[in-house]
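Engineer: Submitted below is the structure of interest, expressed as C-alpha cells.
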Amino acid sequence: MKYYILLLLGCLLSLSVLAQDANIRGFVYDEANGEAIIFTNVYLEGTTYGAPTDINGFYSIPKVPAGDYTLICTYLGYDTSRTEISVSPGEILNQQIYLKENSVILDVVEISAEKQEAKTEVRTSTINVSPKQINKIPAVGGEPDLAQYLQVLPGVVFTGDQGGQLYVRGGSPIQTKVLLDGLTIYNPFHSIGLFSVFETDVIKNVDVLTGGFNAEYGGRISAIVDVATKDGNKKELEGKISVNPLMSKAVIEGPLVRLNDDGASASFIVALKNSYLDQSSKIFYPYINSGLAQSEDPDENIGLPYNFNDIYAKVSVNSRTGNKLSLFGYDFRDNTDFPQVAKYSWKASGGGFNFVIVPNKSKFLIDGKFAYSRYNIDLAGQTSSENRNSSVGGFNFIVSFNNFLPNGKLVYGLDAAGFRTSLLNGISENNRETNNTTEIAGFLTYKMELGKLLLEPSLRAVNYASINSSQLEPRFGLKYNFSNTLRFKFSTGRYTQNLLSTKSDRDVVGLFTGFLTAPEGNLSKYVEVSDGQYELEEVKKNVQIANHFIAGVEVDLTKRLNMNIEGYYKDFEQLITVNRNRIFSGDPVWIVEDGEAYGVDFLLKYDYQRWYLWGVYSLGFVTRTGPSGGGIDAVATYPPHYDRRHNLNLLASYTAGKNSDWELSMRWNLGSGFPFTKTQGFYESIDFSDGISADYITQNPSEVEVIFDSELNGGRLPFYHRLDASVKKYFTLGPEVKLEVVGSVTNVYNRENIFFFDRVEYERVNQLPILPSLGITLSF
C-alpha cells in the first residue's frame, strides 16, 4: 500500500512542476506589530481566484493565468489592502501584505473571514477561539482565562471550581489532547479549576475540536485543544502588568531585530503569572473555606489553599520570504496544601522549536515542530501508604508538507513521539511501575472543492511500539453549501490512544492523576453470553478505540446572527480502566470496558460592533459498560460521574460609551445534576493484617466504611446554576499607555452549588460562594 501512496505523491509533485499557470502566495501581517493575521481573505479583484490565510498567516492562490491583477486583502477592523501585480506563465510570486488597523468599523464590510472560512472549510465540530472572545467573558478575579471560556463551548462539561476538569462530548480529560505550539500539555488546568496554564495575552488562536477531526491529529480518542501563541511585537517594545486579589501577571514583548523594509525580523514575548490565593483568600474572602481542608485549630480559617505560577517565553526569527523559526519554553507549577489531609503539587516544564519553510521554486509549504516536555505530580498523604507520585515525559516531532492544488489542498507528514511514564503506589502490587514507548504515525489529508461540495478524506497509520500494535485510522468529512446562508456537514473517523489515566472515572474530587501506557500482555473484556450473564473474553488490541459520527447544519439567520446545530455519536469501542471487580492478587489489574456518548448541541452567535451574544444548549448522554465493583463478574451499564444531561450557557457583552471605553459582560450557566452512587449504610472496619492472630473481638475498629448502593451512579445531584458579571473601564493615560479597571462578581446571587458530600461525617461541601473582585491592568 505504501508504494501506491508514494506513486500518488510523485504524480502530484510532477503536476506541480509541469503546471504553467502562475501561483501567488505570501503572508499577511499587521502593519503595527508584524504579527501574522490569520483566517483573512486574499483574492484577485474581478475574478474567482482567492484563498484564506492559515494559522501562520500564509495564503496561496494557485493556477492563476498570466496577466495583470489587483490583489486585495480584506479583514474586519483593518483597511482594505490593494496591490497591483503582474504574473508570468509558471511564475511563483511571493507577495507579502501589511494591513493597517482601522478604528472605524465600516458597515459596508459584509464578508468576514469567518463567513468565508465556513464556506471553504469542512471543520465539523471545530470552534475557533480568539483572545478577543476570551476577554468577553466575565473574568474570575478580573482576569480572563481560556479555562473559563472553554466552559461555554458546545459539548463541554466542567465538573467544579476546585479540582474541576473539562469533559468533551463524553470523553474524560485523558482522552482530550491539549497542545501548546504543538507541544503536548498533560495538565492544562490548575487545581483551583478556574485558571489554565495559558496566558491570554500570549494566545494567537485556539482551535477546539470536539470530535470528527481529520488525520493531522492523533493520539487521543475524544477531542483536541490546539493553542497557538503570538510571536511578539516586531516593531516596538510593549507590555502589560496586571494585579487582582487572586493573582498578578506581567507580559512583555518586543523586537530583537526590528522589522525592516525587506520583512526580516526577530522578536520575543515573555509571560509570568503568579497566584497568591492561599494567602489573599484569608484577607479578602474570610468567609470562604475550601471544604477539603481541616485545621488543628477549629477557629482557624484555611481559606482556599491553592497557589500556582507560570512562565512562558518565546523567540521568533522571520526571514523576508516568510521562513520562520520559533524557540519556546515553559515552566508551570501548582501547589495545594490541605492541612490534616494531604499536600498536592505538580510541575510541568519543557521547550522546543517550530518552523515554517517556504521553498522559493516550489508550491509547497513545510512546517514542523519538535519539543520535549516533562510532567510530575505528587500527593503526600498522612501516611506513607497514601503517598502517590507519577510522571510522564518525552519528545514529540511533527513535520507536514502542504501542497496547494487548484481545487484543494494536500497535507501529509510524519508524527513521532517517545515518552516514559512512571507511577508510584499505584494500582498493582509493584511499588513503582515504569513504561517506555514510542509512537510513529503517518498521515495524509486531501481537501478538495467540487463546486458547492467540500470533501476531506484522510488517513492516519500509527504504530505503538510498546504493545506491538499497528492501527489504521480512516477519517472522512464533507460539507455541502446548499446556499449562501445554509450549509450541511458530516464527519466520521476512527481514533486510537495508548496513554492511560489511573484516575477512576467515578472520582469526583480526586486531584491526583497517574499516567501509564497501555499494559503489555493479554487484556480481557466482559462479554454478555446470555441474558444478564457475562464472561471474560480476550481482546485483540491493547489500545483504546473510539469511532465518531457527527452531522450538522450551519444557518446564517441574518447577516449577523449565526446558528450551528450538531448531532453526534461516539462509540467508545475499547476503554482500558482499573478492574473494579478485583479482589485477589491474581485477578487482572486492568480490564476493557466499552461505552457511548451521544447528543445534540445548539449554538447561536451574534457578533457585531458593540454587541457580542453567545448562547449554547447541549443535550448529552454518556454511558459505560464494565465491572461494577459488586463482586466477581458483576457488570453494569452506568453513567460516569460527568454525565450531565442538560447544559445551558448564555453570554452577553456590550461595549458602551462614546469612545467605547466601557464594557459590560454577563454569563449564566445552568446544568443538570451529576450522577452519584447512593449510600446504603456503614460498617466498622476491622484490621485483619495479622491474619488468624488478629484480635477481632476486643480491638477497636480502625475506621468507618461505606456500604454503597448496588446501582452504580443511580442517584443525581441537584441542578447547578451560577451568574457571573463584570464591568470594565478603560483610561488613556498617554499616547501608548492605557489603564484598565475591572470589577467582577462570581456567583452573583450566591447559589449554593454542591461540590461533594462527606458520607461519613454527613457534611455537604459547596463550590465557591459569591466572589467579588477588583483588578487593575496597565498596558504600555
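The values are calculated or read from the model by the stated rules, or taken from the named source; none is laboratory data. Note that this is a predicted model, so its numbers are computed, not measured. Ideal geometry is used to build each Cβ from the backbone, glycine not excepted, and the neighbour counts take in all protein chains shown. Quick note on the areas: whole protein, heavy atoms, side chains included, nothing else; ligands and nucleic acids left out. Shrake-Rupley method; radii C 1.70, N 1.55, O 1.52, S 1.80 Å.
Engineer: Hey, among the residues in the stretch 756-780 that are charged (D, E, K, R) and not in a strand (DSSP E or B), which one's least open to solvent (accessible area, probe 1.4 Å)? Please lay out each step first, then the result.
Structural biologist: First, pick out the residues of the stretch 756-780 that are charged (D, E, K, R): 758-759, 761, 763-764.
Imposing the further condition that a residue be not in a strand (DSSP E or B) reduces the set to 759, 761.
Numbers: Arg759: 62, Glu761: 124 Å².
Filtering first and then ranking leaves Arg759.
Engineer: Here's another thing I want to ask about it. Which residue out of Leu459, Leu424 is surrounded by 16 or more Cβ atoms within 10 Å (Cβ to Cβ) and in contact with a Leu (Cβ under 6 Å, 6 or more places away or on another chain)? I'd like the intermediate steps shown before the answer.
Structural biologist: Working: Leu424 fails: in contact with a Leu (Cβ under 6 Å, 6 or more places away or on another chain).
Within the list Leu459, Leu424, the selection yields Leu459.
Engineer: Exactly one condition in (1) touching an Asp or Glu at 6+ places or on another chain (Cβ under 9 Å); (2) open to solvent by 20 Å² or more (accessible area, probe 1.4 Å); (3) charged (D, E, K, R); (4) modelled with pLDDT of 85 or more is false for Glu684; which is it?
Structural biologist: Among (1) touching an Asp or Glu at 6+ places or on another chain (Cβ under 9 Å); (2) open to solvent by 20 Å² or more (accessible area, probe 1.4 Å); (3) charged (D, E, K, R); (4) modelled with pLDDT of 85 or more, the lone unmet condition for Glu684 is (4).
Engineer: Another question, then. Condition first: in a strand (DSSP E or B) and without any contact (Cβ under 8 Å) to a residue 12 or more places away in the chain. Now tell me which residues in the stretch 47-71 satisfy that.
Structural biologist: Step one: filter the stretch 47-71 for residues in a strand (DSSP E or B), giving 50-52, 58-64, 67-71.
Hit for the stretch 47-71 is Gly50, nothing else.
Engineer: Moving on to the next point. Restricting the search to the stretch 415-474, which residues are of a type in the set (Val, Ile, Thr) and assigned to a strand (DSSP E or B)?
Structural biologist: Applying the first criterion (of a type in the set (Val, Ile, Thr)) to the stretch 415-474 yields 421, 427, 434, 437-438, 440, 445, 462, 467.
Thr421, Thr434, Thr437, Thr438, Ile440, Thr445, Val462 - these are the residues of the stretch 415-474 that are of a type in the set (Val, Ile, Thr) and assigned to a strand (DSSP E or B).
Engineer: So, in the stretch 176-212, of the ones that are in a strand (DSSP E or B) and closer than 18 Å to Leu277 by Cα, which residue ends up least open to solvent (accessible area, probe 1.4 Å)?
Structural biologist: Taking the stretch 176-212 and keeping what is in a strand (DSSP E or B), we get 176-180, 183-184, 189, 196, 203-209.
With the extra rule that they be closer than 18 Å to Leu277 by Cα, the set shrinks to 189, 196.
Working: Phe189: 22, Ser196: 1 Å².
Among those that are in a strand (DSSP E or B) and closer than 18 Å to Leu277 by Cα, it is Ser196.
Engineer: Would you call Leu259 at pLDDT below 95, touching a Ser or Thr at 6+ places or on another chain (Cβ under 7 Å), within 29 Å of Asn323 (Cα to Cα) and surrounded by 18 or more Cβ atoms within 10 Å (Cβ to Cβ)?
Structural biologist: Numbers: at pLDDT below 95: yes; touching a Ser or Thr at 6+ places or on another chain (Cβ under 7 Å): yes; within 29 Å of Asn323 (Cα to Cα): yes; surrounded by 18 or more Cβ atoms within 10 Å (Cβ to Cβ): yes.
Spelling it out, Leu259 is indeed at pLDDT below 95, touching a Ser or Thr at 6+ places or on another chain (Cβ under 7 Å), within 29 Å of Asn323 (Cα to Cα) and surrounded by 18 or more Cβ atoms within 10 Å (Cβ to Cβ).
Engineer: Output the residues belonging to the stretch 215-238 that are farther than 30 Å from Gln471 by Cα and open to solvent by 10 Å² or more (accessible area, probe 1.4 Å).
Structural biologist: To start, the set of residues in the stretch 215-238 that are farther than 30 Å from Gln471 by Cα comprises 229-238.
Hits for the stretch 215-238 are Lys230, Lys235, Glu236, Leu237, Glu238.
Residues are listed down the side, and each one gets a yes or a no for (1) without any contact (Cβ under 8 Å) to a residue 24 or more places away in the chain; (2) touching a Gly at 6+ places or on another chain (Cβ under 8 Å); (3) of a type outside the set (D, E, K, R); (4) crowded, with 17+ Cβ neighbours inside 10 Å:
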residue: Lys559; (1), (2), (3), (4): no, no, no, no
residue: Met563; (1), (2), (3), (4): no, no, yes, no
residue: Val578; (1), (2), (3), (4): no, no, yes, yes
residue: Gly595; (1), (2), (3), (4): no, yes, yes, yes
residue: Leu603; (1), (2), (3), (4): no, yes, yes, yes
residue: Tyr608; (1), (2), (3), (4): no, no, yes, no
residue: Trp611; (1), (2), (3), (4): no, no, yes, no
residue: Leu619; (1), (2), (3), (4): no, yes, yes, no
residue: Pro639; (1), (2), (3), (4): no, no, yes, yes
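Engineer: Scan the stretch 239-254 residue by residue and report those that are within 20 Å of Tyr330 (Cα to Cα) and either of a type in the set (Phe, Trp, Tyr) or open to solvent by 30 Å² or more (accessible area, probe 1.4 Å) (or both).
Structural biologist: Lys240, Ile241, Ser248, Ala250, Ile252
Engineer: Which residues, taken from the stretch 149-175, are of a type in the set (A, V, I, L, M), part of a loop (DSSP other than H, G, I, E, B) and in contact with a Phe, Trp or Tyr (Cβ under 7 Å, 6 or more places away or on another chain)?
Structural biologist: Here is the first cut: in the stretch 149-175, the residues of a type in the set (A, V, I, L, M) are 150, 152-153, 156-157, 166, 168, 174.
Filter again for part of a loop (DSSP other than H, G, I, E, B), leaving 152-153.
Val152, the sole residue that qualifies.
Engineer: Scan the stretch 475-495 for residues that are over 21 Å from Gly442 (Cβ atoms), among the aromatic types (Phe, Trp, Tyr) and part of a strand (DSSP E or B) and jot them down.
Structural biologist: Our first condition is that a residue be over 21 Å from Gly442 (Cβ atoms); within the stretch 475-495, this holds for 478-490.
Filter once more, keeping what is among the aromatic types (Phe, Trp, Tyr): 480, 482, 488, 490.
Tyr480, Phe488, Phe490 - these are the residues of the stretch 475-495 that are over 21 Å from Gly442 (Cβ atoms), among the aromatic types (Phe, Trp, Tyr) and part of a strand (DSSP E or B).
Engineer: Would you say Lys540 is assigned to a strand (DSSP E or B) and open to solvent by 30 Å² or more (accessible area, probe 1.4 Å)?
Structural biologist: Working: assigned to a strand (DSSP E or B): no; open to solvent by 30 Å² or more (accessible area, probe 1.4 Å): yes.
So Lys540 does not fit the description; no.
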